[in-house]
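Take a look at the structure below.
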Amino acid sequence: MTKYQWKLNPHLLPNTPTRKAIETCNHQYFDTNKTPDTSSTIQWEAHKCVIRGELIKWGSHLKREKSKTRKKLYQDIKTLEESHKTSLSESDFAKLMSLRSELKILPNDTTKKAMLWSKQRYYTHRDRCGRLLASALKEQQQRTYIPKMRRADGTLAHTAEDIA
């Protein structure tokens, strides 16, 4: 079993409320922990734990907010679709289209995150023969695998020797 290693989510840093919360957490931490009897390395390690906790808190908060927004958009779209079916008004249709465009924008953040993590993963494993290469080779092997083949006489060949 591998130990989980926490990594900084870079999407939290451009968020202004998150940055301000981290700054206040920094000031508060160093104001309350000005003790000369503890070494600076212990203070720094404890500070990293505090900031990590703050970042995890903000990450889960932002994830919850996105989930709430997505659920609300789905509910609003559903009610507008039902009202548009009965009334066929242009205003309902315009609202419906704007809500659908908002809903299309939401996965863009998820796609950006996935691309960033993918780039980082390929960068860290670029020159090493490891799991990344093994999984890519396994995927390629599964795509090109021929489980059976029909011969000219109509019988099926199942083994690799018979197919070749």
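Quick notes
- Hits in segment 8-38 - residues which are surrounded by 10 or more Cβ atoms within 10 Å (Cβ to Cβ) and outside any helix (DSSP H, G or I): Leu8, Asn9, Pro10, His11, Leu12, Leu13, Asn15, Asn33, Thr38
- Residue match in segment 102-119 (condition: under 26 Å from Thr69 (Cα atoms) and in contact with an Asp or Glu (Cβ under 8 Å, 6 or more places away or on another chain)): no
- All of (1) over 30 Å from Asn9 (Cβ atoms); (2) in contact with a helix residue (DSSP H, G or I) (Cβ under 6 Å, 6 or more places away or on another chain) hold for Leu156 with one exception: (2).
- With respect to (1) assigned to a loop (DSSP other than H, G, I, E, B); (2) surrounded by 11 or more Cβ atoms within 10 Å (Cβ to Cβ), the lone exception for Gln5 is condition (2).
- Condition broken by Arg100, with the remaining ones in (1) surrounded by 11 or more Cβ atoms within 10 Å (Cβ to Cβ); (2) out of contact with any helix residue (DSSP H, G or I) (no Cβ under 8 Å at 6 or more places or on another chain); (3) not polar (S, T, N, Q) satisfied: (2)
- Complete set of residues in segment 117-145 that are loosely packed, with under 10 Cβ neighbours inside 10 Å and among the β-branched types (Val, Ile, Thr): Thr144
- Condition met for Leu55 (in contact (Cβ under 8 Å) with a residue 12 or more places away in the chain, surrounded by 12 or more Cβ atoms within 10 Å (Cβ to Cβ), in a helix (DSSP H, G or I) and in contact with a His (Cβ under 8 Å, 6 or more places away or on another chain)): no
- Options Leu106, Leu133: the member that is aliphatic (A, V, I, L, M) and closer than 22 Å to Asn15 by Cα: Leu106
Any read-out appearing in this document is the output of simple, stated calculations on the displayed coordinates, not a laboratory observation. Computed from a predicted model, the values in this text were never measured in an experiment. Note that we place each Cβ from the backbone using ideal geometry, even for glycine, and neighbour counts take in every protein chain shown.
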